[in-house]
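Participant: I'd like to ask you about the structure that follows.
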Amino acid sequence: MALAPPPPGRRARDATERTAGEGATAEFERLYRANVEAVMAYFARRSRDPQVVADLTADTFVAVITSFEAFDPRRGTARAWMFGIARRVCISLPAPSAPPTPGGSGNAHGGMG
């Protein structure tokens, strides 16, 4: 799904202007609805903890909406751009740390790491 770039000769100055002028809210909503389950599945493959999956998914979409004006459809699809953000959210986590458990591998991120 490609998002519409600003009209030729015009560049959105901030997210508010783009939202009002170009319907970015509707575009974001379509992007979210089309991809939220795939993003959750991406994180679910990396963590057994549903709360971690939900948090990482939320963090990804916060980053997507706050950097929405930076998306350039000439560089790839919106889905690929969004999964690049998801990947960066995932790798930006600190290494999991938990006290060792007898016979287990205790992990603060439910298996991430």
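Participant: Out of the residues in region 47-104 that are under 21 Å from residue 34 (Cα atoms) and outside any helix (DSSP H, G or I), which is modelled with the lowest pLDDT?
Facilitator: Applying the filter and picking the extreme gives 71.
Participant: State which residue is surrounded by the fewest Cβ atoms within 10 Å (Cβ to Cβ) when the search covers only region 12-36 and only residues that are assigned to a loop (DSSP other than H, G, I, E, B) and at pLDDT below 50. Before you say what the answer is, go through the steps one by one.
Facilitator: Step one: of region 12-36, the residues assigned to a loop (DSSP other than H, G, I, E, B) are 12-14, 23.
Subset that is at pLDDT below 50: 12-14.
Numbers: 12: 19, 13: 11, 14: 8.
Result: 14.
Participant: Taking only region 37-46 into account, find how many residues are over 13 Å from residue 87 (Cα atoms) and either basic (Lys, Arg) or not in a helix (DSSP H, G or I) (or both).
Facilitator: Here the count works out to 0.
The values are calculated or read from the model by the stated rules, or taken from the named source; none is laboratory data. Please read all numbers here as calculations on a predicted model, not as lab measurements. Don't worry about glycine lacking a Cβ; one is built from the backbone with ideal geometry, like all the others, and counts go over all protein chains shown.
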